[in-house]
Amino acid sequence: MASLRDLGLSEYEARSYRSLLRTGPTTAKELSRASDVPMGRIYDVLNSLEQHSLVRSQAASRPKKYVAVEPDTALDRLLESKRRELREKAEQYEGVVDELTEELETAEPVQSQFWTAAVGAEEWIELLVERLAAADDSLVVVAGSVSPQFDLGTVGDRVVAELEEALDRGVDVSVLMAPELVESLPQSVGERYTERLADHPTFSVRTAPELSGTFELIDDVEVCIEVPNPLDPGEAFAMIDLKDPEFAADVREMFDPRWEAAEPLSLSALAEE
């Protein structure tokens, strides 16, 4: 059940405010009896409620009387106080993240072998998005078959968004696609790439025949390989992420000649397919 304590009031403050709503204007002594707040604490409680702008006092009366502000007003003020507190906390945490990011990035990464796999639609897209976000220098996308990465919907939008952010970080993004894949894409997919990526000078798309599979080469040290569903090749089944500089170098060695021989594809042409 919701409580005034959820909005930051202490137990004594909540009891005192609720009692003031019932009693109307009253003295501290009378409120202490009505709320069961000890007399030795009631003045501190009332001062705190005044600081929260939840009660008003009539200083001219003897003894001094207090009255609660209307519940709607009181709740709005408590809510705004919580929002302000959360904004301050968020700024504090952002500062901590900035400081830790600078500190942690000063360490040189260990270039050792490591691989992981994610099975299932949600798991593989989370892994892919995470690894795309880790790209610092270069990102190669090779697509020789239909993939959810190049389709409408949430997966495609998330991939495009990560490519945009990578470009904004100064990452060179190269996409190599099979001609038949380009022809099979809906026009709306090409339009999305045109609208969101065409203005980036370090984004380029080329086509080359006889490509198979879909994978990403990240910073020449890591490869994400999409595993299609054997029952539905247009649906991804899993993602394998392999961090191995030697394997990545072999992939780069095979990719570069294909890229050089590939046909440039303008994004406007992609939108017209």
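Of note:
- Candidates in the range 252-265 are the residues that are in contact (Cβ under 8 Å) with a residue 40 or more places away in the chain and within 17 Å of Ser212 (Cβ to Cβ); of these, the one that is surrounded by the fewest Cβ atoms within 10 Å (Cβ to Cβ) is Ala261.
- Residue match in the range 85-107 (condition: under 19 Å from Leu7 (Cα atoms) and in contact (Cβ under 8 Å) with a residue 40 or more places away in the chain): yes
- Filtered residues of the range 127-137 (kept if modelled with pLDDT under 90 and either of a type outside the set (A, V, I, L, M) or more than 15 Å from the chain's Cα centre (by Cα) (or both)): none
- The helices (runs of 4 or more DSSP H) found entirely in the range 1-64 that carry 2 or more residues being under 41 Å from the mean Cα position of the chain (by Cα) and among the charged types (D, E, K, R) are 11-23.
- Of all residues in the range 242-257, at least one satisfies being at pLDDT 90 or above, under 20 Å from Asp172 (Cβ atoms) and in a strand (DSSP E or B).
- Filter result (hydrophobic (A, V, I, L, M, F, W, C) and part of a helix (DSSP H, G or I)) within the range 65-81: Ala74, Leu75, Leu78, Leu79
- Being in contact with an Asp or Glu (Cβ under 8 Å, 6 or more places away or on another chain), of a type outside the set (Asp, Glu) and in the same structural domain as Arg131 (by TED's automatic domain parsing) is a description that does not apply to Val251.
- Qualifying residue in the range 177-185 (condition: part of a helix (DSSP H, G or I) and of a type in the set (S, T, N, Q)): yes
- Checked against (1) over 21 Å from the mean Cα position of the chain (by Cα); (2) outside any loop (DSSP other than H, G, I, E, B); (3) modelled with pLDDT under 90, Arg84 passes all but condition (3).
- Qualifying residue in the range 43-53 (condition: loosely packed, with under 12 Cβ neighbours inside 10 Å and more than 16 Å from Leu9 (Cβ to Cβ)): no
- Among the residues of the range 153-160, at least one is surrounded by fewer than 16 Cβ atoms within 10 Å (Cβ to Cβ), of a type outside the set (Lys, Arg) and assigned to a helix (DSSP H, G or I).
- Applying the condition of being over 25 Å from Pro257 (Cβ atoms) and of a type in the set (Val, Ile, Thr) to the range 184-215 and asking which residue is surrounded by the fewest Cβ atoms within 10 Å (Cβ to Cβ) yields Thr194.
- Any hit, the range 44-60, residues being among the basic types (Lys, Arg) and in contact (Cβ under 8 Å) with a residue 12 or more places away in the chain: yes
- Residue check for Arg169: in contact (Cβ under 8 Å) with a residue 40 or more places away in the chain and either under 29 Å from the mean Cα position of the chain (by Cα) or farther than 27 Å from Glu123 by Cβ (or both): no
The values are calculated or read from the model by the stated rules, or taken from the named source; none is laboratory data. Bear in mind that the values here come from a model prediction, so they are computed numbers and not experimental data. Counting neighbours? That spans all protein chains shown, and the Cβs are built from the backbone with ideal geometry, glycine included.
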